[in-house]
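The next block holds one structure in the form of structure tokens; read it before the comments.
The values are calculated or read from the model by the stated rules, or taken from the named source; none is laboratory data. If you're wondering where the values come from, they're calculated on a predicted model, not measured in any experiment. Using ideal geometry, Cβ is built from the backbone for each residue, glycine included, and neighbour counts are taken over all protein chains shown. Remember, those area values only see protein heavy atoms, side chains included, never the ligands or the DNA or RNA. Shrake-Rupley method; radii C 1.70, N 1.55, O 1.52, S 1.80 Å.
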Amino acid sequence: MNVKVIFFFIFSILYTQNEVCFDIQNNPYPFDPGLNNFTKYVNVLDCFHIYAESSISDEKVLHAASIAAELLDNNEDGIVDDILLQEELNDSQAMMPLFSSEWSPAMDDVWDYYDGCVSAALFNNEIDPDRPGQWGHDASVEEILHTINHCGHVQIYPETFRLWPNSSSLTDAMDIARGGQFINVPNQYPEEAWYHYDDWTCDYECMAIEYLYWCIVSNMG
């Protein structure tokens, strides 16, 4: 297996909005306690589910769907590039929730009751179809990639992508990049470190998934 294909997704993503490829549907599970606050739904390539509250515009929902599709299907032939990834995301019911705000009651319902894999979320003010992927404006690429990595790659390629200390090629690489193994954020990183993620709320596994994100988008340019 060519790990670079998995790890770096060698591609030049354009973040074009192919809205014609997707239909926004009504929430297919309106009585599910984990999903009953959502009204909009998009099934991306039969393996990635986007649920949105009514306050999220159709444009933003379709933007998130397009980003997910391009990350999963780089050559845009309508087929997920990695069949194992498609199967894992489908089996785990990987989902990206689009919330109105960080105070939405829908959040508690998702975290408490949804049976599938939820690794990240997007809030209304984090989605900007006019500035896709731009730091500080649109977090769609980051949060959707976190979900694909966490719900997919970590599970099917554990020797490469496991997230806890001393568990994978990823964590070994991150420890080198941080200048040592730090379970928590250090007061100061060593001078030789080049990965200085400093969010105190982010534990070691969180640091690893963030490191994977920065590796991928750095390689993407």
Subject >> Rounded to the nearest 10 Å², the accessible area of Phe38 at probe 1.4 Å >> reply: 10 Å²
**OP:** Using R₀ = 25 Å, calculate the FRET efficiency as 1/(1 + (r/R₀)^6) where r is the Cβ-Cβ separation of Asp58 and Trp135; round to 0.05.
**Re:** 0.50
Original post:
Taking one equal scatterer on every alpha-carbon of region 166-221, how large is log10 of I(q)/I(0) by Debye at q = 0.15, 0.16, 0.20, 0.23 1/Å?
Top reply: -0.38, -0.43, -0.68, -0.90
Original post:
If Thr39, Thr201 are ordered by their accessible area, calculated over protein heavy atoms with a 1.4 Å probe, which sequence runs from highest to lowest?
Top reply: Thr201, Thr39
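Probe radius 1.4 Å, ligands and nucleic acids ignored: give me the carbon and sulfur share of the accessible area of region 112-169 as a rounded percent.
Values: 1060 of 2580 Å².
Heavy-atom surface of region 112-169 belonging to carbon and sulfur, 1.4 Å probe: 41 percent.
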Original post:
Excluding ligands and nucleic acids, what accessible area in Å² is computed for Val118 using a 1.4 Å probe, to the nearest 10?
Top reply: 40 Å²
Original post:
Considering the chain as a Gaussian network with a 10 Å cut-off on Cα pairs, which listed residue, Ala68, Ala208, Ala173, attains the greatest mean-square fluctuation?
Top reply: Ala173
**OP:** Please compute the net charge surrounding Gly179, taking Lys and Arg as +1 and Asp and Glu as -1 over other residues with Cβ under 10 Å from its Cβ.
**Re:** -2
**OP:** Taking only protein heavy atoms into account and a 1.4 Å probe, give the accessible area per residue of region 129-197 in Å².
**Re:** 49 Å²
Original post:
Can you pull the accessible area of Trp214 for me, 1.4 Å probe, Å² to the nearest 10?
Top reply: 90 Å²
**OP:** Could you tell me the largest-minus-smallest coordinate of the C-alpha atoms of the chain on each of the three principal axes, in descending order and whole angstroms?
**Re:** 51, 38, 33
